Every structure is written in C-alpha cells, then in structure tokens.
Amino acid sequence: MESDGLVVSTEADEVGGVVTWRAIFGGVCVGALLCGSNMYFGLQTGWLTMGSLQSALVGYWLFRVKPLENVILQTTAVACATMPLAGGLVGVVPALKVLGHPLETWTEQLTWCCGLGFFGVFLAVPLRDRVLIRDKLEFPSGTATAKLIDVLNGTMDAEWRWLRRSLLCAVAYGAVTFLFPCASRVPIFGAPAARWQWTLCLSPAYLGQGAIMGYRSGLSMLVGAFVGLGLGVLAKRLEWAKGDIDDPKDGPAGFVLWLSIALMLGESLTNLARVALSSFSSPGRNENDDKEEVETRGVVPRAVWMGGLAFSSLACVVALREYASVFELVAAVACAALVSVLAVRALGETDLNPVSGVGKLSQLVFAVISPKMVLPNLVAGAVAEAGATQAGDMMQDLKTGLLLGVAPSAQFGVQILGSFCSILFSVALYRLYSSVYQIPGPDLPAPTALVWLDMAQLCARGGVLGTFSHLGPLGLAFFLAGALAPQNSPISPVATAIGMYLPARFSLPRVFGAFGARLWHHLHPDSHRRLLVVIASGFVLGEGLFAMLGASLRAFAAGGGGRVAPLDWCA
C-alpha cells in the first residue's frame, strides 16, 4: 500500500537479510560522531539532536547501504547519539556534582549509565502495537526518515530534485539566521507580544514537522498557544506567578507548564485505561483486526521484552542504590514508565518529546514520596528522562521500520547494541571534556543541570503548590479536560498541551506547516501525495545539518569552544 507517496510494506522482513555487519558498523561510526556532537553542545547549550535523518543520509553516502540496511544503520546510530541525554551526562550528572555527589571514576560513571541506559528500550516494545498499529500516530521524524531512505535508494528523479531544493532552502535559512538571529524572531505581533515569545519564525524544519504531523495536531497546537498565552497573562496580572515571564520555576512559563502536564496526564491515563479494558475484554486478535500489520513475524517475543524490562529495572535499582533507597528507586522506575507513555504519545502527535516536562512531573511526584529530599528527587528525574528519551527515540525508529517493512526485532537488537556502545563512548567523552573543562563552568556551563537542581530544591522547599498557590484547582480542571476528552475529538489534548508550554515562536511555524499541507492537499492532491513528505524531509534535514555546522563555527570562532552568544548582525 502507499501512504503519502511512501511505499509501505505489509509484511516485516526477515531479520537475517537486514542486519548486516556493514549496517551495524556504519551505525556505530555515524552514531559515535553524533554522540560526540551531542555531548559537547549538550554541555555547552543544552541542545541535542536525535539525528535519524542525518544518520540515514550520511550512512548512505559513506556506506552505500540498501534501504532496509539503512533502517538498521540509522536505528543503531540514534541509539548511540542520544545516550548523553538518556544517561543524564549533560544534565543530572553535572547537577549531582554541584550538589556534592560527583561521579568521578570510570566505575561510577559506567555503573550510572548502565543503570539508566536500557529500560526505555524494553519499555517501547509493548507500546508499539498501541501507538503505531492501532492509533497510527504520525511520528513525523520517523515518517520523514522512511521517506528519505526511500528516495535515496530509488530512481524517482522528481523527488530527488525536490529533496535537494528543500534541503538547500533550509540550509540557506540556517545561514541567514546564523548571521542574523533576529530573523528567527521577527516581532510582527508587537513588542508586548514579543515579551511572551509571540514572534514570527519561519523555520523550514518546524514547517516540515507541522506538515507531516497533520491538520488536527496543528489546530490543537494553535489552540494550546492561545490558551497558554491567556493563562500566562492572567497568572502574571493576578500575581499567581511572580517570577519573570519565561522563568520555569516561579514565572508564568512554569505555571503554564504544570497545567499542560495535567492535561497530558489526564489524556494519557484515559488511554491507558482504554488499553487495559480492551485487552481484558478481548485479549487476542481476531479476523476483524487491522490487517496492515499481523504480529506473527519479526516481533520481539513477550518473554524477551518482559524479562528485559524486569532485568533492566532491577539493574537501575542496583546501580543507583547509593543515591536513593530501594523503595524510592522502585517508585522512580514505575513513575518513569508512566511518564514515558505520556512522552511517546506527545512525540507521536507533535514530533516533540517533552522530556523536560515529564522529568519535572516525576520530580513533583517525588516531592510527595520523599519530601524535603533533593538527591532522590534528582535521581527520579534522571530515571524519567532516560525512559522517555529512549522509548521516544525507539518509537520513531520503529515507525521508520514499519513503513519500510523491517522487523521490529531487528531494530530492537541493534538498539540494545547501540545503547551499549554509546555508554562506552559517552563516558569516555564526558571524562575527556571534564578533564579539560570545568563542568559546570564558564566554557561548558551545562545549563540544564541548573534547571534540574533548581527544580529539585524547589520541591524540597514545599513543592510547586507552595510556589503557585492557585495551581491546584486549575490543574484538576485541566486533568479532567484531558481525561474526559472524546477519543476522536477534533482537538487533541496532548498536542494542545504541547502548544501551551512551547514558546509560540516554536509552535506557530508547525501550525503554519500543518495548515499549508491541508491547503495543498485540497488544491493539488496528487502532488501532495507524492511530494509532501519529500519536501518536509528536506526541510528538517537541511536545517538540522546546518545547526550542527553553525554550532561548530561558533565554537571555532570562540577560539577553543568557549560559550559564546550567537553572531547578531541585526544590532
């Protein structure tokens, strides 16, 4: 069958014909490069990339892999690339150092990363059937990666031309905003709105993501943007949030963040309940089930993922027992499983993984479980971040594999392998950077570490309700709104929540992309079907590649990688 011009396999490929040494070696090599980039720039700015599109393109150019091999290559590379975030090395580990609990030896750092580095992979396996097969969530980056692989290995000249054009357009935009950062935040709504980050940003990557994620999610994000603005202004005027506008601790941004989490949590818990009820009432598939994907070949056996989830959870408890009690760690793993489901659904609808938000939710829970305790709170956040990061990344990869017909068990195996290799890479890189720079310090300030620590200390002082006294009733209202929303509602609670807390300059271009794609489909359905994902993929890939180049140029211009402000020739 076809989906938006993409050939979709109806049967998973055999594992043996896909997992080759060339694909694995290529994935480890490309992933190691991305891991190094993510470690450095994560410590410098907090910015990291999943790198699936970049991995597929670079892997094809360097190793000339076949389409299904390329799926394995980019799955391995992504597992390698994201360990600096999943392992907490760019956030929680530096925060522990500031708190007086540094991880200094090879053994401590490897043990920490091994404890966090696997259970998110096992957690993604049981979610696949629900979010990919039954709910058919878009996972825009996974869809774009599948289309890119399809084009790279095809003979579609028109698609190649449009891919090159869209990629060059995105690179040109990246160059312009590199030299003139103000071009990405034009205050067309006026100066007062600009203070609330309502500015014009026509990022090709965001436009492409919006085009893939679809009209429903785009409309929901637009509704969320207006709701978030209204709530933020109200909280500021009534002094419910007394901090600066964008302060996530005690400003309107933090106030709106918690309401958006309540909305996502309500919707996610309802979906979990629906899954449990449907599984109880009809535990098996029958002849009327969706035939697009018959779970008989290439599926990870239940005994494997259940045993792996139990073992990796136990490993997490054992590895982190010096930082929290067994009870606290078991609670942290359980909480991480719940918030990872929330993160995966948000990622599937909007292409945004709210790891920061779900991490804070886990920290808020631990304000009750371990009141006035900073260290267990930080550890709980690290466990939640690890689970949400890996489950979300693997689900994007599984979406790519589903569209191109790669067995999920093949991707599962290389994800485990990539995660293991990345633990070694990440620890070695962290030790290298910490031997040269002070972390946190002037050159590598590790900004997310301070956010984690501030949140943990806030919870220890009495929690979010102590800071936002009017949050409780509103939070309950938003939770119920998410929980009671009809399953096929024209407005998605999760996408609305993302639109609420994401700065408008980041969400509006996604809205424009979704609405533009809808108009394109109405006016020219044939070209929309053939070219939408191609052009969107070029936009995302081009801007992502230039982002890495631009960050490298800034570090070079700083004379050795110091922290510098972007060039700004607007002044």
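Observations on the model:
- Leading residue by the ranking (modelled with the lowest pLDDT) among those in the stretch 331-386 that are under 24 Å from Lys97 (Cβ atoms) and among the charged types (D, E, K, R): Lys360
- Conditions (1) modelled with pLDDT of 90 or more; (2) surrounded by fewer than 24 Cβ atoms within 10 Å (Cβ to Cβ); number of the one not met by Gly405: (1)
- Qualifying residue in the stretch 529-537 (condition: modelled with pLDDT under 80 and among the aliphatic types (A, V, I, L, M)): yes
- Qualifying residue in the stretch 325-332 (condition: without any contact (Cβ under 8 Å) to a residue 40 or more places away in the chain and of a type in the set (Val, Ile, Thr)): yes
- In the condition set (1) assigned to a helix (DSSP H, G or I); (2) crowded, with 21+ Cβ neighbours inside 10 Å; (3) at pLDDT 85 or above, Ala315 is compliant with all but (2).
- The set of residues in the stretch 172-183 that are surrounded by fewer than 20 Cβ atoms within 10 Å (Cβ to Cβ) and either under 25 Å from the mean Cα position of the chain (by Cα) or touching a residue at least 60 places away in the same chain (Cβ under 8 Å) (or both) comprises Ala175, Leu179, Phe180, Pro181, Cys182, Ala183.
- Among the candidates Leu123, Leu137, the residue that is under 23 Å from Leu342 (Cβ atoms), in a loop (DSSP other than H, G, I, E, B) and not charged (D, E, K, R) is uniquely Leu137.
- Conditions (1) surrounded by fewer than 24 Cβ atoms within 10 Å (Cβ to Cβ); (2) of a type in the set (Gly, Ala, Ser); (3) part of a helix (DSSP H, G or I); number of the one not met by Ala497: (1)
- Filtered residue count, the stretch 38-58, keeping only those that are surrounded by fewer than 21 Cβ atoms within 10 Å (Cβ to Cβ) and either in a helix (DSSP H, G or I) or at pLDDT 90 or above (or both): 2
- Within the stretch 102-120, the set of residues being farther than 16 Å from Ala337 by Cα and assigned to a helix (DSSP H, G or I) comprises Trp106, Thr107, Glu108, Gln109, Leu110, Thr111, Trp112, Cys113, Cys114.
- Residue list for the stretch 435-457, filter: under 12 Å from Lys360 (Cα atoms) and of a type in the set (D, E, K, R): Asp454
- Which listed residue is of a type outside the set (S, T, N, Q), part of a loop (DSSP other than H, G, I, E, B) and at pLDDT 90 or above, from Leu73, Leu89: Leu89
- All positions within the stretch 410-422 that are surrounded by fewer than 24 Cβ atoms within 10 Å (Cβ to Cβ) and either under 24 Å from Ala346 (Cα atoms) or modelled with pLDDT under 90 (or both): Ile416
- Residue in the stretch 192-199 that is among the charged types (D, E, K, R), under 17 Å from Pro509 (Cα atoms) and in contact (Cβ under 8 Å) with a residue 24 or more places away in the chain present: no
- Counting only residues that are touching a residue at least 40 places away in the same chain (Cβ under 8 Å), part of a helix (DSSP H, G or I) and farther than 21 Å from Trp21 by Cα, the stretch 389-447 holds 17 of them.
The values are calculated or read from the model by the stated rules, or taken from the named source; none is laboratory data. Predicted, not measured: the structure shown is a model, and the values here were computed from it. Heads up, the Cβs are rebuilt from the backbone with ideal geometry, glycines too, and the neighbour counts pull from every protein chain shown.
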